[in-house]
Each structure stands twice: as C-alpha cells, then as structure tokens.
Amino acid sequence: QVQLVESGGGLVQAGGSLRLSCAASVNIFSINSMVWYRQAPGKQRELVTTITRGGSTNYADSVKGRFTISRDNAKNTVYLQMNSLKPEDTAVYYCNANRLALEYWGQGTQVTVSS
C-alpha cells in the first residue's frame, strides 16, 4: 500500500510559479515511476510529467520548458516546479505512483491561474 499526499497548490497570476509536492508513504526507490496528472473542469485527466526510478523524465508538450519534475529520495517526495503559468494550466493536479503492478493516487491539489 502506498499513500500519496500532495500539497502546494493555490491561486497564482499568469506568469507566476508554484511548486507542488507529493510525499509518499514508502521508499520511492520501490516505486517504478511517479507521475503528475491534471484534470481541468470538463476535461479528461491528462498526463503532465513522469519520473522513473532511474531518474528518466518526460513531459507533455504543453508544459515542456516550463515545468520540471524532481525528487528528494531522502524525503520520499516528488516535486513539480511550475513556472510561467498560464490560465490553461488551471486544474486539479494529481500524483500517481506505479509500484508492483498497482497504481496509487493522491487526493489532488487545486491550481488556479488567473489572467
């Protein structure tokens, strides 16, 4: 069982920055990959960025060059640094973990970007 707790969401003006955190209840080396998803009102959930156990990352085209995923192994925490935020980044952001063929989700954190 893996518990994920997100934090760091909030209201920010366009062009601003936020850093989201996802704290895992287990050693993140035991997790194959950790993923940030987001879901905007009336839209499907979309993958934002992924980091694997080996440290490989990938990003959705819509956030490349603006968002950065990273992790602190000592804190079992993954971060999402979001810069140059746009109103279209407004969504609930979810942390997801894949471990031993099972998926786990956090409760989500709201990010609102005003124009």
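The values are calculated or read from the model by the stated rules, or taken from the named source; none is laboratory data. Everything numeric in this text was worked out from a predicted model, so none of it was measured. Every residue, glycine among them, receives a Cβ derived from its backbone with ideal geometry; neighbour counts consider all protein chains shown. For the accessible areas, the whole protein counts, side chains as well, though only heavy atoms, and no ligand, DNA or RNA atoms are used. Shrake-Rupley method; radii C 1.70, N 1.55, O 1.52, S 1.80 Å.
Confirm whether Val2 is surrounded by 14 or more Cβ atoms within 10 Å (Cβ to Cβ), of a type in the set (Val, Ile, Thr), part of a strand (DSSP E or B) and touching a residue at least 40 places away in the same chain (Cβ under 8 Å).
The answer is no for Val2.
If I ask for residues that are more than 14 Å from Ala24 (Cα to Cα), assigned to a strand (DSSP E or B) and open to solvent by less than 50 Å² (accessible area, probe 1.4 Å), which ones from segment 81-111 would you list?
Met82, Ala91, Val92, Tyr93, Thr109, Val111
Under 8 Å between Cβ atoms, at least 6 apart or on separate chains: pull out the pairs that start in segment 73-85 with a residue that is of a type in the set (Gly, Ala, Ser) and end on any residue that is open to solvent by less than 40 Å² (accessible area, probe 1.4 Å).
Short answer, once both residue conditions are applied: Ser84/Arg66.
So that you can scan it fast, the table gives a plain yes or no per residue for (1) among the β-branched types (Val, Ile, Thr); (2) crowded, with 16+ Cβ neighbours inside 10 Å:
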{"site": "Gln13", "(1), (2)": "no, no"}
{"site": "Asn27", "(1), (2)": "no, no"}
{"site": "Lys43", "(1), (2)": "no, no"}
{"site": "Thr49", "(1), (2)": "yes, yes"}
{"site": "Phe67", "(1), (2)": "no, yes"}
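Can you tell me how many residues in segment 89-113 are farther than 12 Å from Ser21 by Cα and either of a type in the set (Phe, Trp, Tyr) or in contact with a helix residue (DSSP H, G or I) (Cβ under 7 Å, 6 or more places away or on another chain) (or both)?
Final tally of qualifying residues: 5.
Among the numbered conditions (1) touching a helix residue (DSSP H, G or I) at 6+ places or on another chain (Cβ under 8 Å); (2) farther than 14 Å from Arg19 by Cα; (3) at pLDDT 95 or above, tell me where Asp61 comes up short.
(1)
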